[in-house]
Structures are given as C-alpha cells and as structure tokens.
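> For reference, the structure I am asking about is given below.
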Amino acid sequence: MEERLLVVDDEKDICDILKFNLENEGYIVDVANSGEEALKILSNVHNLIILDVMMNGISGFKMAEILREEGNYVPIIFLTAKNSENDLLTGFSLGADDYIAKPFSVKEVIARVKALIKRTSIIAQPAVTKWSFEGLNIDISASRVTIEDKEVSLTKKEFEILSLLTQASPKVLTRADILSSVWGENEYVLDRTVDVHITRIRKKLGEYGSMIVNRSGFGYYLNFNDKNENE
C-alpha cells in the first residue's frame, strides 16, 4: 500500500516542489494552501503531514493543536522559517515529530519523511497514549514521564526511545529500528549510541529501569508484566 502525504503551505511553489519530488519517491501527495483547507482534506488515509507554520488564517501551530485535541496523532513535520529554540519547543510540545527550517534541502525532507514513515510502520498508531505500571506513568501525548507523580527528566531522544518501546511493547525492536526511528536515516549514528541512551533511561527510571529488557542478539523491548525481569 502506497503512503499518502499531505503538504500544507501557502506558498504554491513550495507545494509544487515537494509534491513533484515526493511523488518521484513513490508517495501519493495531496496539497493544501491553508490550514482551513488542510483540515477539510485530511483523513485517516494520510500517513504524514508536512506543515508550514507561518500561514494566513490558521497557523501550522494552531492546526497541529486542533488535531491533537481531537485525538489525531498523524505524524507531523513542521516546515518553517521560524527556527528559534522557543519555536522548536512550541512545535514539539504540540506533538510535532520533526522540524525542518527554511530554506530546506529537498533531499533532507525526503530523508526525514522516509524515517517517519518507517517509524510508523514499525508500530501501529496507538489507540491510547497513556500507560501506567504501578507508580510509573508514561504520557506520550504530553511528552511526560512520572514516577509516583514526580517528573522524570528525559532528553528528547531518551523520551522518543522510551515512547517507541512503549508503543511497540511487547515487540522486540532492533537497534536498527530504534536508530532509524529516532535519529533518521540521514544521520550517521553507531549502534552503541542506542545502548548508551538505554543505559541513561534505565538509570533515570530507577527501579523501573529493568523493565527495558535486552534480548541478546535481537534488541530491546519494554516488559510491562514484571519490572524485575532479566535476560
């Protein structure tokens, strides 16, 4: 089944460039020139949205907020000239999966689209976004992890890895799966990087860290049944 993308930008030239190049990669591409139009076009057949932030009418941030409030967690890549730290934080807090600054490289956009599509093919979009096990709570929609109501301070990459393992549980994810989903195919990162991040996550989770199980020769999975399991 071919993946279907929705490109949303009020600059027609940008939409035309992205549509042409993404279709050459085998994707089906729909285009909207405003947030209002995009909300009418968007349906459950779309696998990913490339969304401009600065648009007349409904901004990209506002559109993302509307979708998340409606419980729609379709992957979003923000495409924008706004690239300050505050803008990045705003985008990710609204549930963005990636953020590309203008002017952009078409090759970079394609690489990031492929990485996100691969990530969503590893795990189905979850019907729920909150998981609890004893005192541990993982809220993917809010990008928040707590233990006994106390916030666990995870970096963005650490949270993405934990989210991936949580949604895939009890499926085992290889290091390659995690690298492709979290870092993307356009970044050169060693397998050892995954192990280092897993070690940090386990340490921050304390007694719950052993829930992240390493199956030697296979990869990692999150075991919700017994936080003391060891392999």
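The values are calculated or read from the model by the stated rules, or taken from the named source; none is laboratory data. If you're wondering where the values come from, they're calculated on a predicted model, not measured in any experiment. All Cβ positions, glycine included, derive from the backbone under ideal geometry; neighbour counts span all protein chains shown. For the accessible areas, the whole protein counts, side chains as well, though only heavy atoms, and no ligand, DNA or RNA atoms are used. Shrake-Rupley method; radii C 1.70, N 1.55, O 1.52, S 1.80 Å.
> Between region 153-208 and region 1-70, what is the separation of their alpha carbon centroids in Å?
Using only Cα atoms, the two centres lie 28 Å from each other.
> Sticking with the crude label model, points 7 Å out along Cα→Cβ, report the distance from Glu151 to Arg4 in nm, one decimal please.
3.9 nm
> Go through Lys40/Lys156; Lys19/Lys130; Lys130/Lys150 and tell me which ones have a Cα-Cα distance over 26 Å in this structure.
Lys40/Lys156; Lys19/Lys130
> Let me ask you something else. How do Glu134, Glu151 rank by accessible surface area computed with a 1.4 Å probe, from largest to smallest?
Largest accessible area first, the list is Glu134, Glu151.
> Would you mind computing, in nm to one decimal, how far apart the modelled labels at Lys12 and Asn24 are, each placed 7 Å from Cα along Cα→Cβ?
Here the modelled spin labels are 2.2 nm apart.
> Sticking with this one: Using only the alpha-carbon atoms, how far is helix 12-24 inclined from the longest principal axis of the chain? Give it as 0 to 90 degrees, nearest 10.
60 degrees
> Counting only protein heavy atoms and a 1.4 Å probe, tell me what percentage of the chain's accessible area is made up of carbon and sulfur.
Roughly 49 percent, rounded to a whole number.
> Take the chain, connect every pair of alpha-carbon atoms lying under 10 Å apart with a spring to form a Gaussian network, then pick out the residue of Tyr208, Tyr221, Tyr27 with the largest mean-square fluctuation.
Tyr27
> For an R0 of 41 angstrom, estimate the FRET efficiency from the Cβ-Cβ distance between Trp183 and Glu37 and round to the nearest 0.05.
After rounding to 0.05, the efficiency reads 0.80.
> Could you work out which residue, out of Phe159, Phe133, Phe78, moves most in a Gaussian network model of the chain, that is, has the largest mean-square fluctuation with Cα springs under 10 Å?
The residue that fluctuates most here is Phe133.
> Counting each DSSP H run of 4 or more residues in the chain as -39500 (n - 2.57), what helix-only mean residue ellipticity at 222 nm follows after dividing by all residues, to the nearest 500 deg cm²/dmol?
Only helices count here, giving -12000 deg cm²/dmol.
> Counting DSSP beta bridges with both partners in the chain, what percentage is antiparallel, nearest 5?
Of the beta bridges lying entirely in the chain, close to 45 percent run antiparallel.
> Still on this model: Based on alpha-carbon atoms only, what is the radius of gyration of the chain relative to the globular estimate 2.2 N^0.38 Å?
1.05
> Shifting gears a bit: Under a 1.4 angstrom probe, counting protein chains only, how are Glu108, Glu25 ranked by accessible area, largest first?
Descending order: Glu25, Glu108.
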